[in-house]
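Enquirer: Pasting a structure below so you can have a look.
The values are calculated or read from the model by the stated rules, or taken from the named source; none is laboratory data. Source: prediction; values computed, not measured. Reconstructed Cβ throughout: ideal geometry from the backbone, glycine too, with neighbour counts over all protein chains shown. For accessibility, only protein heavy atoms count, side chains too; no ligands or nucleic acids. Shrake-Rupley method; radii C 1.70, N 1.55, O 1.52, S 1.80 Å.
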Amino acid sequence: MNLRILEESDASIYQSLRLQGLQVNPEAFGSTFEREADFTMDMVTERIKPTEDRFVLGAFDEHGTLAGIVTFIRESSPKTRHKGNVFGLLVTPGMRGKGIGQALMEELLARDKRMEGLEQLNLTVVSTNDSARRLYESLGFQRYGTERRALKWDGAYFDEDYMALRLE
């Protein structure tokens, strides 16, 4: 497994994987397939363009196929800059259960721990997504609240757990 930060040239493969995830597990994301299918490639390129405070980490299999992604975005306000957010962890269905999600998260944490002044990571996870929640807990994230009916998709409501990890 090769882990690396995605670059602008990866926009097409990122978009393909992201759309697949939105179709396979629509309840797991705040966005929808229909919304993101309308994104232009310029929008996707800008979305994944790495900066000092934002990156998308990709996991590539032995054939060079993108098998998983996770996004980090640091808060920009002077009063919240000590925090960062983890979004959109996604592993292709055929590669799940092989440690890719854990490898992505461990690499994200290693990178974040080297960021000056970054003290805390936050994320949300659909409350019924036991495998993702267990992964986050195994890395030290702790639940600090639940938003009831946080997402509504196809007439069904989904609760989200708020989780945080102190990096100090």
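Enquirer: Along its principal axes, what span do the Cα atoms of segment 1-124 show, with the longest given first and each in whole Å?
Expert: 38, 31, 28
Enquirer: So, one more: Over the chain, average the accessible area per residue using a 1.4 Å probe and give it in Å², no decimals.
Expert: Normalised by residue count, the accessible surface of the chain is 55 Å².
Enquirer: With a/c under 1.5 counting as rounded, go ahead and sort segment 55-168 into rounded, prolate or oblate using the C-alpha gyration tensor (a ≥ b ≥ c being the square roots of the eigenvalues; past the cut-off, prolate if a/b is larger than b/c, else oblate).
Expert: oblate
Enquirer: Okay, next question. For the chain, which whole-number percentage of the solvent-accessible area (1.4 Å probe, protein heavy atoms only) is attributable to carbon and sulfur atoms?
Expert: 46
Enquirer: May I pose another question? Ordered by residue, what ³J(HN,Hα) values in Hz, to whole numbers, does segment 138-151 give under the Karplus form 6.51 cos²θ - 1.76 cosθ + 1.60, where θ = phi - 60° and Gly and Pro are x?
Expert: Result, ordered by residue: 5, 8, x, 5, 10, 6, 10, x, 9, 9, 6, 6, 5, 10 Hz.
Enquirer: Another question about this same structure. Taking the Cα centre of segment 10-168 as the origin, how large is its charge dipole in debye, to the nearest 20, when only Lys and Arg (+1) and Asp and Glu (-1) carry charge on their Cβ atoms?
Expert: Values: 21 positive and 25 negative charges, 72 e Å.
Taking the Cα centre of segment 10-168 as origin, the dipole is about 340 debye.
Enquirer: Give me the lysines in straight-line cross-link reach of residue 83: C-alpha distance below 23 Å, same-chain residues under 8 apart excluded.
Expert: Counting by Cα, and skipping residues close in sequence, residue 83 has these lysines nearby: 49, 113.
Enquirer: With r defined as the distance between the Cβ atoms of residue 122 and residue 159 and R0 fixed at 22 Å, what FRET efficiency is calculated, to the nearest 0.05?
Expert: Given R0 = 22 Å and the Cβ-Cβ separation, E is 0.85.
Enquirer: Return the whole-Å distance between the Cα centroid of segment 109-133 and the Cα centroid of segment 1-77.
Expert: Answer, in whole Å: 17.
Enquirer: Still on this model: What FRET efficiency do you get for residue 65 and residue 34 if R0 is 25 Å and r is their Cβ-Cβ distance, rounded to the nearest 0.05?
Expert: With a Förster radius of 25 Å, E is 0.50.
Enquirer: Calculated from DSSP H runs of 4 or more alone, at -39500 (n - 2.57) each and per residue, what is the 222 nm mean residue ellipticity of the chain, nearest 500?
Expert: So the helix-based figure for the chain works out to -8500 deg cm²/dmol.
Enquirer: While we're on this one: How high is the relative contact order of segment 67-168, given as a whole-number percent (alpha carbon pairs under 8 Å, six or more residues apart)?
Expert: Dividing the mean separation by the residue count of segment 67-168 yields 25 percent.
Enquirer: How many nm separate the modelled label positions at residue 149 and residue 9, each set 7 Å beyond the Cα in the direction of the Cβ?
Expert: 4.9
Enquirer: I would also like to ask the following. Can you figure out the FRET efficiency of residue 49 with residue 114, using R₀ = 22 Å and their beta-carbon distance, to the nearest 0.05?
Expert: 0.60
Enquirer: Which ³J(HN,Hα) values in Hz, rounded to whole numbers, follow from the phi angles of segment 62-71 under the Karplus curve 6.51 cos²θ - 1.76 cosθ + 1.60, where θ = phi - 60° and Gly and Pro get x?
Expert: 5, 9, x, 8, 5, 10, x, 9, 8, 10
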